[in-house]
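Below is one structure, written out as structure tokens; comments come after it.
The values are calculated or read from the model by the stated rules, or taken from the named source; none is laboratory data. Worth saying up front: this structure is predicted, and the values here are computed from it rather than measured. With ideal geometry, Cβ positions are generated from the backbone for all residues, glycine too; neighbour counts draw on all protein chains shown. Heavy atoms of the whole protein, side chains included, go into the accessibility calculation; ligands, DNA and RNA do not. Shrake-Rupley method; radii C 1.70, N 1.55, O 1.52, S 1.80 Å.
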Amino acid sequence: MFTDFDFDLLLDRDFKEDSVREELILPIIKSLGYSASGDNRIVRSKALLHPFVSIGSKKNKINIIPDYTFLSGQQPYWILDAKSPSEDISKSCHVEQAYSYAIHPEIRAKLYALCNGKQFALYDISKAKPILLFDLKDINKHWNTLNRILNPDIKATPDLIDYDLDFGLVMLKLSGYNYDLEYIATSINSKFIAKVNDNLYTVSTTVGGDRKCLMSIDLSPDQYQDLLSLLEPSLKEDISTKLKHMPYFAETSQDFQFGFKGHLSGEIMSNNEEEFLPFIVDELFPYIE
């Protein structure tokens, strides 16, 4: 695609963000088949009425307006922000801001991308790492994959739009990939706990905000016993009885409540449908409203 472009120009201080947009991003957009009108169109610099996104108790101000929002069937499907060649598009504040914009309730895009002329990075809101990251000079090697994902004929379906985000991954991304993040929750309400193996128990709950998230909280066997000690007798008996027998999970009719202090797991987990990042409990304490 860029056979006639001299990538040494990226070393020139005068080759800035506007040049990246005009010389490199525009050909990609045209090749993908987007236009300025119709169902599958481009909206440039789409401002937000409320430039904040709240996840749980964390409120993030969105300081950027991405250069392009791409619609599929009138629904934002992915966004793209251009950066100058000197700016990082991996594990930087730019990634954090693009992510915050993508998950904003006024946008709700499934994918977000950044391009600095040197590289193109494409992210999925439900994944921790880029789903596609390549040097722009090698775009021909990756074009089939890129086109298959971003072609406007791929419609943004409701099940993608309403996808519940994983709270651990949200916090990881909003913190700029800080795996040392500590977290305190004084009022956890849950109806589900499972025994994963002899050394691991996990609690699932939801976290409110502009986007509902699912949260996984991992406990050791000793911490599981500590949790039971915080619960009223009927709930304690119900949970402990169910977790002694297959399929080793308890779904309670009423919430069991607790508070905890913990940190992000260092390992991103995955199943057939999603990735998730659990919180590891450091301390349990009684529920505080």
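Once C-alpha pairs closer than 8 Å and six or more residues apart are averaged by separation and normalised to the residue number of the chain, the relative contact order reads 15 percent. Along the axis of the charge dipole computed for the chain (Cβ charges of +1 for Lys and Arg, -1 for Asp and Glu, origin at the Cα centre), the listed residues GLY262, VAL196, ALA113 are led at the positive end by ALA113. Given +1 at the Cβ of Lys and Arg, -1 at the Cβ of Asp and Glu and no other charges, the dipole of region 181-289 around its Cα centre is 240 debye to the nearest 20.
A dipole drawn for region 1-81 from +1 and -1 charges on Cβ atoms has a positive end, and of PHE5, LEU24, GLN75 the residue lying farthest that way is GLN75. Solvent exposure of region 64-108, expressed per residue, is 28 Å² of accessible area, with all protein chains present and a 1.4 angstrom probe. Amide H contacts of ASN116 (H built 1.01 Å from N, in plane; Pro and chain starts excluded): LYS83 sit under 5 Å, all sequence-distant by 5 or more or on other chains.
Of the beta bridges in the chain, as assigned by DSSP with both residues counted there, near 85 percent are antiparallel.
Full extension from GLU232 to ASP12: what is 0.36 nm times the residue separation minus their Cα-Cα distance, to one decimal in nm?
Answer, rounded to one decimal: 72.4 nm.
Pairs with C-alpha atoms separated by more than 18 Å, drawn from the list LYS127/LYS173; LYS61/LYS118; LYS16/LYS173; LYS173/LYS261; LYS91/LYS129, are LYS61/LYS118; LYS16/LYS173; LYS173/LYS261.
Could you point to the label whose value was computed as Cα extents along the principal axes in Å for the structure here, given [x] 92, 45, 32; [y] 55, 38, 36; [z] 72, 37, 36? Identified label for the calculated read-out: [z]. All other residues whose Cβ lies under 11 angstrom from that of GLY259 are scored, Lys and Arg at +1 and Asp and Glu at -1, for a net of -1.
Phi-derived couplings, Karplus 6.51 cos²θ - 1.76 cosθ + 1.60 at θ = phi - 60°, listed residue by residue for region 14-21: 7, 8, 10, 4, 5, 5, 4, 4 Hz, with x used for Gly and Pro.
Share of carbon and sulfur in the accessible area of region 25-156 stands at 48%, probe radius 1.4 Å. When you restrict to C-alpha pairs under 8 Å that are six or more residues apart and normalise by the size of region 186-278, the relative contact order lands at 32 percent.
When only the Cβ of Lys, Arg, Asp and Glu is charged (+1, +1, -1, -1), the dipole of the chain relative to its Cα centre reaches about 600 debye. Here region 47-161 is assigned +1 on the Cβ of each Lys and Arg and -1 on the Cβ of each Asp and Glu. Its dipole about the Cα centre then comes out at about 220 debye. The residue list ILE217, PHE167, ALA102 was ranked by how far each Cα lies along the charge dipole of the chain toward its positive end, using unit charges on Cβ atoms, and ALA102 comes out on top.
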